[in-house]
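J.: A single structure is presented below for examination.
The values are calculated or read from the model by the stated rules, or taken from the named source; none is laboratory data. The shown structure was predicted, so the numbers you read here are calculated from the model rather than taken from an experiment. Counting neighbours? That spans all protein chains shown, and the Cβs are built from the backbone with ideal geometry, glycine included.
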Amino acid sequence: MTSFTLDTSEHQQFVDITDRVIHAAGDLAGVGALVVASQHTTAAIIVNEGFDPDVTVDLGRALTPLADRDDYDHDEGNSDAHVKVALLGAAQLVPVVDGALALGRWQRIFFCEFDGPRDSRSVVVSRLAGA
Amino acid sequence: MTSFTLDTSEHQQFVDITDRVIHAAGDLAGVGALVVASQHTTAAIIVNEGFDPDVTVDLGRALTPLADRDDYDHDEGNSDAHVKVALLGAAQLVPVVDGALALGRWQRIFFCEFDGPRDSRSVVVSRLAGA
Amino acid sequence: MTSFTLDTSEHQQFVDITDRVIHAAGDLAGVGALVVASQHTTAAIIVNEGFDPDVTVDLGRALTPLADRDDYDHDEGNSDAHVKVALLGAAQLVPVVDGALALGRWQRIFFCEFDGPRDSRSVVVSRLAGA
């Protein structure tokens, strides 16, 4: 297991963390998959297209109305962020094949900030043994 | 692998199962992650905030209109529950570090009932080896 | 690790791949879970009901308006597909117990095409060791 932190600069932001995940994971011999887990309840992890940055712009545009309500009870006023994390997921699992992440040609791993900007957001990367 | 069951008392209900998962998992030495999996197609598992119960109330409030339609075909009349499980996920993976669940300060594991109340809902907890 | 490909015939289509996953995985002795991962950013993997085909018809009906917008920027015009994959997930983890997939009575594994029809969609199946 290892982890890293990142700072976010926008209220809602999709940060490509693929290279940081690979660096944090180290040697992948014998590894069957990596768990990439947000340690926060207002930030998610997804695997999606990273080639055209418009894709995550569009994703943010679509997500906002799904979680936008004016009748939330939670005092902190960030229930929309909790809803977005429930929809996208707090962690993703990426298979490892022959010592490399088995990502498709366009797939990248994103940290999804929904209650930023924040300092020191934490991501855990855990190595699981293949069988 | 191990499993436990729980009864739900509401049609839509978010039950914090973190302690039951930890108890079911037993000794976590050598474990890299736990899989927590619902065995049902109308109940999901999520990781989200458990400190303020209003968060899951708000989550339920946001989810309901996303799955509420009057043109579903499925005879049993619970397609909204199947849609919610597709959106949230039937299983979650929680990393384990140094023999303890690597959950962030506010993160808890929830069983999400969308077609209750039901008796004997089953949750599988599977231990994966670290690498 | 292993993989298989499938062709899709509809723009949006839910294909039950449970038997193909089991066949691809081979001997499950010592395995704690399978990762089933789409290698594409416009196709997801879910676990949901496979007994009544109306369930996935209804799921498609509910998903479409959640991702349907006319203000997307992405040039390829398939941002709705990327949004659906973010909501459902690029990969699922299925626990294995005593050498068999620990799926509930009604649970099946689906490949979810959101930008078809396409030839040679690729699914990776990775075996993770139990602990």
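J.: May I ask you to list the residues in segment A:85-104 that are assigned to a loop (DSSP other than H, G, I, E, B) and at the interface with chain C (Cβ under 7 Å from one of its Cβ atoms)?
T.: Within segment A:85-104, A:Gly89, A:Ala102, A:Gly104 meet the criteria.
J.: Is it the case that some residue within segment B:102-122 is in contact with a helix residue (DSSP H, G or I) (Cβ under 7 Å, 6 or more places away or on another chain), polar (S, T, N, Q) and farther than 30 Å from A:Gly99 by Cα? Give the steps one after another, and end with the answer.
T.: Quick first cut of segment B:102-122, residues in contact with a helix residue (DSSP H, G or I) (Cβ under 7 Å, 6 or more places away or on another chain) only: B:108-110, B:112, B:114-115.
With the extra rule that they be polar (S, T, N, Q), the set shrinks to none.
No, because not a single residue in segment B:102-122 is in contact with a helix residue (DSSP H, G or I) (Cβ under 7 Å, 6 or more places away or on another chain), polar (S, T, N, Q) and farther than 30 Å from A:Gly99 by Cα.
J.: Determine whether C:Val125 is part of a strand (DSSP E or B) and surrounded by fewer than 24 Cβ atoms within 10 Å (Cβ to Cβ). Before you say what the answer is, go through the steps one by one.
T.: Working: part of a strand (DSSP E or B): yes; surrounded by fewer than 24 Cβ atoms within 10 Å (Cβ to Cβ): yes.
Criteria met by C:Val125.
J.: Moving to a separate point now. Please give the number of the condition B:Phe110 fails out of (1) in a strand (DSSP E or B); (2) within 14 Å of chain C (Cβ to nearest Cβ); (3) touching a residue at least 60 places away in the same chain (Cβ under 8 Å).
T.: Looking at each condition in turn, B:Phe110 falls short on (2).
J.: Mind checking which residues of segment C:66-96 are of a type in the set (Gly, Ala, Ser) and touching a Leu at 6+ places or on another chain (Cβ under 6 Å)? Give the steps one after another, and end with the answer.
T.: Filtering segment C:66-96 down to residues of a type in the set (Gly, Ala, Ser) leaves C:67, C:77, C:79, C:81, C:86, C:89-91.
Residues satisfying the conditions are C:Ala86, C:Ala91.
J.: Same structure, new question: So, of the residues in segment B:85-99 that are in contact (Cβ under 8 Å) with a residue 40 or more places away in the chain and over 21 Å from B:Val15 (Cα atoms), which turns out to be surrounded by the most Cβ atoms within 10 Å (Cβ to Cβ)?
T.: Checking each candidate, the answer is B:Val96.
J.: Another one. Does at least one position in segment B:90-98 carry a residue that is closer than 25 Å to C:Asp58 by Cα and of a type outside the set (S, T, N, Q)? Step through it out loud before you land on a result.
T.: Taking segment B:90-98 first, the residues closer than 25 Å to C:Asp58 by Cα are B:90-92.
When the remaining residues are screened for being of a type outside the set (S, T, N, Q), the result is B:90-91.
Yes, there is a match, as at least one residue in segment B:90-98 is closer than 25 Å to C:Asp58 by Cα and of a type outside the set (S, T, N, Q).
J.: Now, a different point. Just checking: which of the strands (runs of 3 or more DSSP E) contained wholly in segment A:1-84 hold 2 or more residues that are crowded, with 24+ Cβ neighbours inside 10 Å and facing chain B (nearest Cβ under 9 Å)? I'd like the intermediate steps shown before the answer.
T.: Working: elements: A:2-6, A:13-16, A:31-38, A:43-49.
Qualifying strands (runs of 3 or more DSSP E): A:31-38.
J.: Still on this structure, please answer the following. Name the residues in segment B:2-40 that are in contact with a helix residue (DSSP H, G or I) (Cβ under 6 Å, 6 or more places away or on another chain) and at pLDDT 95 or above, would you? Quick ask: steps written out before the conclusion?
T.: To start, the set of residues in segment B:2-40 that are in contact with a helix residue (DSSP H, G or I) (Cβ under 6 Å, 6 or more places away or on another chain) comprises B:2, B:4, B:12, B:14, B:34, B:36.
Those that are in contact with a helix residue (DSSP H, G or I) (Cβ under 6 Å, 6 or more places away or on another chain) and at pLDDT 95 or above: B:Phe4, B:Gln12, B:Phe14, B:Leu34, B:Val36.
J.: Which of the residues belonging to segment B:1-51 are closer than 13 Å to B:Phe110 by Cβ and without any contact (Cβ under 8 Å) to a residue 60 or more places away in the chain?
T.: Selection gives B:Asp19, B:Glu49, B:Phe51.
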